[in-house]
Amino acid sequence: MLPSGARTSAPCSPRAKPTGGRLRFDGSVLGPRRLVVVGGVAAGLSAAARARRLDPTLDVRVFERTGFCAYSACGLPYLVGGVIQDHKALVARTPGDLAKQGIAVHLRHEVVGVDLLAGRVRVRDLEAGRERDEPFDELLLATGGRAALPFPGAGLPGVFAVRTVEDGLAIRSWLSVRQPSKAVIVGGGYIGLEMAEALRCLGLEVSLVELLPRVLPLVDGEIAGDVEAALVRHGVDLRCATPVQEIAGNGRVRQVVAGGEGIDADLVVVGVGVSPENALAAAAGVPLGVRGAVVVDARLRSRVAHVWAAGDCAETRHRLHGAPSYIPLGTTANKQGRVAGANIAGRDESFGGVVGTAAVKVFDLHVARTGLSEAEALSAGIDAVAATIVHRSRAAYYPGWQPIRVKITAERGTGRLLGAQLAGTEGVAKRVDVIAAALHSGAGVDDLARFDLTYAPPFAPVWDPLLMAARQAQRLV
Ligand code: FAD
């Protein structure tokens, strides 16, 4: 429920063109419009930068709880694994860089409350231990996602989530100081898989424990099977259908108790899902939707006037079934932030929605998906068919070709393309992007079968695996 008197939207009127100052009733100027952004990463800073570029009079203040802004969480597994040596490489811009763009970033400042009626936030300076109020004309919630740690014992030293630069640095420090030899990864989603690779490549014994009967629920069983084979091939002790009961230790982590058995561990990484960091929005009465994400329209307006949300804390519209969804990815956070920033600055832009494109590397295996998997399409009530083929990544006569599995999902009767999943050791990401583009344009399997795709022996056979899969799907729809 909204506080009475809060400036409700749905839809709120498009913002007036920037004026460079607000007028009091008596006509005097109150000062520039102020945008307060909560969260200084992908969505928050994309919005701040775009808003400020389009409206240089805007007073932009960003509050970020951690000690870093503009960082790439996507690079954290590679920081832990040593592929990236210096954590500063993950930080795209510092507060100093942003100050030159007229954006004031306050690190180690947590927004602890929002007063919608008064139009101000309560900010806690985590270093100084002091609180103050900051007024806003526009408020962007870009608070991101929260890693779940739902097990007894998850607070033991040596148990980590992977979400912030501090998390990555803490794992690195544990690795160098404690020299662990046995790691348990809890969760077989893409973060768990990336962390399994990182720790295995550092020479640790790695067990991966997954509650479900198979890893990577974002893809269907055949593709997950390829992932499991890659894990086992690279020496990961894979335990699916194994619920974790507790994480045990004395003074530090010693074991993960899962499926009734104790698995020795001197390092545990938990990656069992992300949920929207929505505490502020919920306390302020900003309406929440799918999985607790802030309800937003295509312009990234929440249901409360002058309150916007973008990135992992916000809903997004799925282009294929049209329903609001929660698919927290960096690519979406950046785009949503850009759109929110433009609209805050007075433009009228829309975010076009997502098709759920994602890729993950598991040792030498590349896996990607876009659109709806067969399971997702069926559970969305779509009469879906699926065609799976295994073909070559290059011409048969060109040395080094690798098998590539392609699964295409399409709607029975109409032939509408619904999605694709791929697994192989090369050529996966380029092909999934072809399908993502096809989904954006509403193509069908007949269109895909006619696509003019690359053929050159080192890159693809004359009949690309996507064309082969499309021909197979044509026979089924
Ligand atoms: P976040 O990055 O979560 O940033 C939100 C920020 O808000 C946080 O720094 C938080 O400290 C701050 N905050 C929250 N509440 C407050 C408050 N009250 N006051 C002040 N500050 C606050 N996506 C991809 O597209 N591709 C990938 O390959 C990929 N790999 C990933 C790998 C890992 C290990 C992880 C963790 C994520 C990965 N992602 C990937 C997801 C991607 O990182 C996120 O989607 C993206 O960071 C979301 O950006 P955001 O700005 O919405 O939120």
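The values are calculated or read from the model by the stated rules, or taken from the named source; none is laboratory data. Because the structure is a prediction, the values reported are computed rather than measured. When we count neighbours, we look across all protein chains shown, and the Cβ atoms used for this are built from the backbone with ideal geometry, even at glycine. The accessibility values were calculated without ligands, DNA or RNA, using every heavy atom of the protein model including side chains. Shrake-Rupley method; radii C 1.70, N 1.55, O 1.52, S 1.80 Å.
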Might you check whether a residue that is within 19 Å of the chain's Cα centre (by Cα) and charged (D, E, K, R) occurs anywhere in the range 214-231? no
Strands (runs of 3 or more DSSP E) wholly inside the range 332-450 containing at least 3 residues that are within 21 Å of the chain's Cα centre (by Cα) and surrounded by 19 or more Cβ atoms within 10 Å (Cβ to Cβ): 358-362, 365-371, 417-424
If you go through the range 176-188, how many residues are out of contact with any Lys or Arg (no Cβ under 9 Å at 6 or more places or on another chain), more than 17 Å from residue 159 (Cβ to Cβ) and within 16 Å of the ligand (Cβ to nearest atom)? 0
For residues that are more than 18 Å from residue 72 (Cβ to Cβ) and free of Cβ contacts under 8 Å to residues at least 60 places away in the same chain, scanning just the range 166-195, find the one that is least open to solvent (accessible area, probe 1.4 Å). 188
So the strands (runs of 3 or more DSSP E) completely within the range 68-134 holding 3 or more residues that are under 23 Å from residue 282 (Cβ atoms) and within 12 Å of the ligand (Cβ to nearest atom) are 109-115, 120-125
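Okay, residues lined up against (1) of a type in the set (S, T, N, Q); (2) touching a Lys or Arg at 6+ places or on another chain (Cβ under 7 Å); (3) in a strand (DSSP E or B):
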{"residue": "231", "(1), (2), (3)": "no, no, no"}
{"residue": "235", "(1), (2), (3)": "no, yes, no"}
{"residue": "251", "(1), (2), (3)": "no, no, no"}
{"residue": "254", "(1), (2), (3)": "no, no, yes"}
{"residue": "262", "(1), (2), (3)": "no, no, yes"}
{"residue": "280", "(1), (2), (3)": "no, no, no"}
{"residue": "291", "(1), (2), (3)": "no, no, no"}
{"residue": "296", "(1), (2), (3)": "no, no, no"}
Which pairs have Cβ atoms under 6 Å, sit 6 or more apart or on different chains, and link a residue in the range 66-78 that is hydrophobic (A, V, I, L, M, F, W, C) to one that is more than 8 Å from the ligand (Cβ to nearest atom) and part of a helix (DSSP H, G or I)? 68/165; 76/168
Kindly indicate which of 367, 307 is within 20 Å of residue 60 (Cβ to Cβ) and touching a residue at least 24 places away in the same chain (Cβ under 8 Å). 307
Here are some conditions: (1) open to solvent by less than 50 Å² (accessible area, probe 1.4 Å); (2) among the small types (Gly, Ala, Ser); (3) within 16 Å of the ligand (Cβ to nearest atom). Residue 283 meets all but one. Which one does it not meet? (1)
Among the listed residues 236, 269, identify the single one that is aliphatic (A, V, I, L, M), in contact with a helix residue (DSSP H, G or I) (Cβ under 6 Å, 6 or more places away or on another chain), touching a residue at least 60 places away in the same chain (Cβ under 8 Å) and closer than 18 Å to residue 200 by Cβ. 269
Among the candidates 230, 310, residue that is modelled with pLDDT of 95 or more and away from the ligand (no atom under 16 Å from the Cβ): 230
Of the residues 209, 268, only one is in contact with a strand residue (DSSP E or B) (Cβ under 9 Å, 6 or more places away or on another chain), open to solvent by less than 10 Å² (accessible area, probe 1.4 Å) and within 16 Å of the ligand (Cβ to nearest atom); which? 268
What about residue 90, is it within 22 Å of residue 144 (Cα to Cα), touching a residue at least 40 places away in the same chain (Cβ under 8 Å), of a type outside the set (Lys, Arg) and touching a Ser or Thr at 6+ places or on another chain (Cβ under 6 Å)? yes
Can you name the residue in the range 109-165 that is touching a residue at least 60 places away in the same chain (Cβ under 8 Å) and basic (Lys, Arg) and is also farthest from residue 68 (Cα to Cα) among such residues? 146
